[in-house]
Amino acid sequence: GPCALVVGGDMNTSLDDSKFDTEPTLRSWQAAGFHWSHEGVLFAKRTTIPADDHFPDNCFDHIFTLGLGRPKAAVASLPSLSDHNPVVLDVDITKPDFQPKLNVAAAEHVIDSAPKPPPPEVLADTLAANDDSAIRAAIGKIATVRGKIGEVSDTANITFLNFAGNPRGQFVAIVRKESLDAVAAAFGGDLHALQGKTIEVRGPIELFKKTPEIIVKTDDQISVLPE
């Protein structure tokens, strides 16, 4: 029967930013037949992440449709609500054809032919956990970061290794729930034992909601330094 598809959200990738030239997700959806609702909108009118001290304007938030014609999205500005601007899409359901045609082969071709990203650079120097500028310059690279653990905190799914002197938004190491038992086993079964210890943590530095982090998946990523 009649059907249509809408896919939307913060997708952490952009059709404008050269950093994502090797990331084929959005282009593969377009090849499959999805309509990008920002199409034809000037970049300045579809900025969903306004620039800050570290990053330029970008468009990470998207709505794609299939079988709903070619509706055009708008971006509102609500800075008190989030660091992302909301994307608003009005759809007139009296006009779409409700005949989505999905070209899976074309999407797979885009994915298969996308250039492979180069392996991440490995930094030789150890970075200080409090050196925010050096940490941010190393995003996307494999690094060793040294610092004193000020607090170990837990949520239902993540354990945070918070470094002394780092305010919220600066470098943190995290251990996800699925890795926690294996990582904690090397430290007496409880990562809270690291509190007050000076450690080195090694891995790719990633960015999550403007906070640089290393995701710890194995215990050999953490070394406790002698006092």
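The values are calculated or read from the model by the stated rules, or taken from the named source; none is laboratory data. This is a predicted model, so every value here is computed, not measured. So basically every Cβ, Gly included, is an ideal-geometry build from the backbone, and we count neighbours across all protein chains shown. Each accessible area value is taken on the protein alone, full model and side chains, heavy atoms only, with ligands, DNA and RNA left out. Shrake-Rupley method; radii C 1.70, N 1.55, O 1.52, S 1.80 Å.
Somewhere in the range 103-116, is a residue part of a strand (DSSP E or B) and either at pLDDT below 95 or under 22 Å from the mean Cα position of the chain (by Cα) (or both)?
There is no residue in the range 103-116 that is part of a strand (DSSP E or B) and either at pLDDT below 95 or under 22 Å from the mean Cα position of the chain (by Cα) (or both).
Residue-by-condition table, conditions (1) of a type in the set (K, R); (2) open to solvent by 50 Å² or more (accessible area, probe 1.4 Å); (3) modelled with pLDDT of 95 or more:
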{"site": "K177", "(1), (2), (3)": "yes, yes, no"}
{"site": "G189", "(1), (2), (3)": "no, yes, no"}
{"site": "A193", "(1), (2), (3)": "no, yes, no"}
{"site": "K209", "(1), (2), (3)": "yes, yes, no"}
{"site": "K217", "(1), (2), (3)": "yes, yes, yes"}
{"site": "I222", "(1), (2), (3)": "no, no, yes"}
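Being open to solvent by less than 80 Å² (accessible area, probe 1.4 Å) and farther than 14 Å from L191 by Cβ is the filter here, so list the residues in the range 146-162 that pass it.
G147
Which of the residues belonging to the range 182-203 are without any contact (Cβ under 8 Å) to a residue 40 or more places away in the chain and hydrophobic (A, V, I, L, M, F, W, C)?
A182, V183, A184, A185, A186, F187, L191, A193
Please find, among S82, S77, the residue that is polar (S, T, N, Q), assigned to a loop (DSSP other than H, G, I, E, B) and within 15 Å of D10 (Cβ to Cβ).
Matching residue, one of S82, S77: S82.
Go over the candidates L42, L68 one by one and state the one that is loosely packed, with under 14 Cβ neighbours inside 10 Å and either free of Cβ contacts under 8 Å to residues at least 24 places away in the same chain or among the aliphatic types (A, V, I, L, M) (or both).
L42
Find all pairs meeting these conditions: Cβ atoms under 9 angstrom apart; at least six residues apart or on different chains; first residue within the range 165-181 and more than 16 Å from G203 (Cα to Cα); second residue small (G, A, S) and open to solvent by 70 Å² or more (accessible area, probe 1.4 Å).
That search, which allows pairs on different chains as well, returns K177/A156.
Going by what's in this entry, would D61 be described as within 16 Å of the chain's Cα centre (by Cα), modelled with pLDDT of 95 or more, of a type in the set (D, E) and closer than 30 Å to G169 by Cβ?
yes
Looking at the range 50-70, is at least one residue of a type outside the set (D, E), within 14 Å of M11 (Cα to Cα) and assigned to a loop (DSSP other than H, G, I, E, B)?
yes
Could you tell me which of the residues V110, V6, V104, V91 is in contact with a helix residue (DSSP H, G or I) (Cβ under 6 Å, 6 or more places away or on another chain) and over 24 Å from E206 (Cα atoms)?
V110
Against the definition (without any contact (Cβ under 8 Å) to a residue 40 or more places away in the chain, open to solvent by 60 Å² or more (accessible area, probe 1.4 Å) and not hydroxyl-bearing (S, T, Y)), how does P115 come out, yes or no?
Taking the combined requirement at face value, the residue does not satisfy it.
Select, from V91, V75, V87, the only residue that is open to solvent by less than 40 Å² (accessible area, probe 1.4 Å), closer than 22 Å to G33 by Cβ and aliphatic (A, V, I, L, M). Spell out how you get there, then give the answer.
Numbers: V91 fails: open to solvent by less than 40 Å² (accessible area, probe 1.4 Å); V75 fails: closer than 22 Å to G33 by Cβ.
That would be V87, the only listed residue that is open to solvent by less than 40 Å² (accessible area, probe 1.4 Å), closer than 22 Å to G33 by Cβ and aliphatic (A, V, I, L, M).
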